[in-house]
């Protein structure tokens with residue numbers, strides 16, 4: 001495989017074929033993220049992409065899922081993305097699902113009909129970072145979109161039959177708007193009604209703008225108890241028609257995995273026990289990105 005730079009993928013794609021179609025992130029301005037700071041966004045050549053598909057056809061028979069890297073391959077023009085998915089289908093017939101990162105901008109650039117075409121060709125899931133349902137927080141972290149737009153784009157991609165996995169970040173609003181962020185995020189998730197929600201806990205990354213704000217005292221990082229309280233508030237305000245709410249990322253202090261709505265009450269009770277000190281939290285040295 002012709003990989004350039006660091007390769008990132010969602011935890012659920014750990015055992016997937018990783019096909020790098022783009023380098024970097026098309027937005028790459030979020031204040032908390034340092035994943036692609038050293039990588040300029042570009043779309044790789046068709047020759048290299050097809051050569052990597054041929055490599056996977058020879059060497060990746062045990063993997064039945066494929067993830068399109070890097071930060072946002074959905075932004076690739078339709079006339080180039082369709083042949084890529086067609087080649088995956090033809091040369092890797094055992095692949096059952098193709099996934100990609102997506103953001104509000106890239107979803108907006110595709111019509112519903114184009115998204116449905118991608119779904120027919122195997123695109124089964126898109127991972128989208130909401131981060132927060134609070135517009136004040138979204139502006140501060142330079143997300144590049146607001147709450148209403150991301151809700152609309154989340155609904156749009158689901159209407160095309162593509163499953164949606166949404167990421168939210170505990171602690172991203174700082175102490176000042178901690179509970180506001182948690183409540184509004186839960187309500188935004190309810191409106192989008194994704195199949196999956198992944199809640200991460202903020203870990204500051206050096207050389208990012210948010211880390212600099214923290215060093216200057218302009219950002220107060222919530223502690224374990226505050227993040228756990230955010231998790232409870234967010235889950236309390238999240239209503240899914242039949243999805244999973246996960247907070248089992250390596251960054252989280254209390255791993256949870258709940259099917260909503262049926263496991264919501266029991267999971268809230270579990271968080272309450274942890275808030276009361278009856279369940280131990282993950283120590284700092286065991287947390288990771």
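The values are calculated or read from the model by the stated rules, or taken from the named source; none is laboratory data. Keep in mind that this is a model prediction, so the values were computed, not measured. We place every Cβ from the backbone using ideal geometry, glycine too, and count neighbours over all the protein chains shown.
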message: residue 246 - would you say it is surrounded by 12 or more Cβ atoms within 10 Å (Cβ to Cβ) and closer than 24 Å to residue 154 by Cα?
response: yes
- prompt: modelled with pLDDT of 95 or more, out of contact with any helix residue (DSSP H, G or I) (no Cβ under 7 Å at 6 or more places or on another chain), in a strand (DSSP E or B) and buried (at least 23 other Cβ atoms within 10 Å of the Cβ) - does that describe any residue in region 169-185?
  reply: yes
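Is one or more of the residues making up region 134-143 closer than 19 Å to residue 165 by Cα, in contact (Cβ under 8 Å) with a residue 60 or more places away in the chain and within 17 Å of the chain's Cα centre (by Cα)?
yes
Yes/no matrix, rows are residues, columns are (1) over 18 Å from residue 72 (Cα atoms); (2) out of contact with any helix residue (DSSP H, G or I) (no Cβ under 8 Å at 6 or more places or on another chain); (3) buried (at least 24 other Cβ atoms within 10 Å of the Cβ):
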| position | (1), (2), (3) |
| --- | --- |
| 96 | yes, yes, no |
| 108 | no, no, no |
| 112 | no, no, no |
| 115 | no, no, no |
| 124 | no, yes, no |
| 131 | no, no, yes |
| 137 | yes, no, no |
| 140 | yes, yes, no |
| 147 | yes, no, no |
message: Against the condition more than 18 Å from residue 169 (Cα to Cα) and modelled with pLDDT of 95 or more, how does residue 232 come out, does it pass?
response: no
- line: Considering region 267-289, residues that are modelled with pLDDT of 95 or more and within 25 Å of the chain's Cα centre (by Cα), and then whichever is nearest to residue 12 (Cα to Cα), we arrive at 267
- prompt: Do we find a residue being under 17 Å from the mean Cα position of the chain (by Cα), in a loop (DSSP other than H, G, I, E, B) and either over 18 Å from residue 99 (Cβ atoms) or at pLDDT 90 or above (or both) anywhere in region 16-23?
  reply: yes
- request: Could you list all residues from region 271-287 that are in a loop (DSSP other than H, G, I, E, B) and surrounded by 10 or more Cβ atoms within 10 Å (Cβ to Cβ)?
  value: 279, 281, 282, 287
- request: Go through region 4-17 and give me each residue that's surrounded by 15 or more Cβ atoms within 10 Å (Cβ to Cβ) and either touching a helix residue (DSSP H, G or I) at 6+ places or on another chain (Cβ under 7 Å) or under 19 Å from residue 250 (Cβ atoms) (or both).
  value: 8, 9, 10, 12, 13, 16, 17
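So, in region 214-225, how many residues would count as being assigned to a helix (DSSP H, G or I) and in contact with a helix residue (DSSP H, G or I) (Cβ under 9 Å, 6 or more places away or on another chain)?
2
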- prompt: Would you pick out the residues in region 25-50 that are free of Cβ contacts under 8 Å to residues at least 24 places away in the same chain, part of a loop (DSSP other than H, G, I, E, B) and touching a strand residue (DSSP E or B) at 6+ places or on another chain (Cβ under 9 Å)?
  reply: 40
- prompt: Considering 228, 268, 254, which residue is touching a helix residue (DSSP H, G or I) at 6+ places or on another chain (Cβ under 7 Å), assigned to a loop (DSSP other than H, G, I, E, B) and surrounded by 13 or more Cβ atoms within 10 Å (Cβ to Cβ)?
  reply: 254
- request: Kindly indicate whether any position in region 96-113 is free of Cβ contacts under 8 Å to residues at least 60 places away in the same chain, under 25 Å from residue 153 (Cβ atoms) and over 22 Å from the mean Cα position of the chain (by Cα).
  value: yes
- prompt: Is there a residue in region 200-208 that is within 20 Å of residue 166 (Cα to Cα), part of a loop (DSSP other than H, G, I, E, B) and touching a helix residue (DSSP H, G or I) at 6+ places or on another chain (Cβ under 9 Å)?
  reply: yes
field: Condition check for residue 259: over 20 Å from the mean Cα position of the chain (by Cα) and modelled with pLDDT of 95 or more
entry: no
